[in-house]
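Everything on this sheet refers to the single structure shown next.
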Amino acid sequence: MDIRLLGLESPFLSTIQRLMDTTDEAEKSINAPTRTYVREAKAMASTPADVKEYTNSLVFIIDMPGLKSGDIKVQVEDDKVLLISGERKREEEKEGAKYVRMERRVGKFMRKFVLPENANADAISAVCQDGVLTVTVEKLPPPEPKKPKTIEVKIA
């Protein structure tokens, strides 16, 4: 509430009102998403992916038409997050030609996938063929069930 609307004008009350206004603005800027977060959220939202699970692997499939292998990055963060990112750049305009319409997406793209506990972060392969990136993450074999340990009983 603005104290000035109540007709209470004094230097002290005006100072308090300015402090309250400043606090509200600071709080809004603290809670606002950062530019990096907004950019990453847009990149993730505009990068659709298919995920298939097989008995021995997980396969991630993402369309990447027109990209070269140098434009695509596949990384594993903390042994549990698969990060697929890259950038599609706008073609350089040739002299005498101008765009009439620009609908193809350009810019950064990114997807993050949390890998399951049984994913083998050391056995990941990525192949880009005909504009489709296929990332295969091998699964670790299930642990063998522990056999009961038999302890010999000695007679004393």
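The residues of segment 137-154 that are β-branched (Val, Ile, Thr) and either more than 18 Å from Glu117 (Cβ to Cβ) or open to solvent by 100 Å² or more (accessible area, probe 1.4 Å) (or both), listed by number, are Thr150, Ile151, Val153.
Any idea which of Val106, Val100 is open to solvent by 90 Å² or more (accessible area, probe 1.4 Å), farther than 30 Å from Pro141 by Cβ, of a type in the set (Val, Ile, Thr) and modelled with pLDDT under 90?
Criteria check complete, one pass: Val100.
The values are calculated or read from the model by the stated rules, or taken from the named source; none is laboratory data. All figures in this text were calculated on a predicted structure; none of them were measured in a lab. We place every Cβ from the backbone using ideal geometry, glycine too, and count neighbours over all the protein chains shown. Remember, those area values only see protein heavy atoms, side chains included, never the ligands or the DNA or RNA. Shrake-Rupley method; radii C 1.70, N 1.55, O 1.52, S 1.80 Å.
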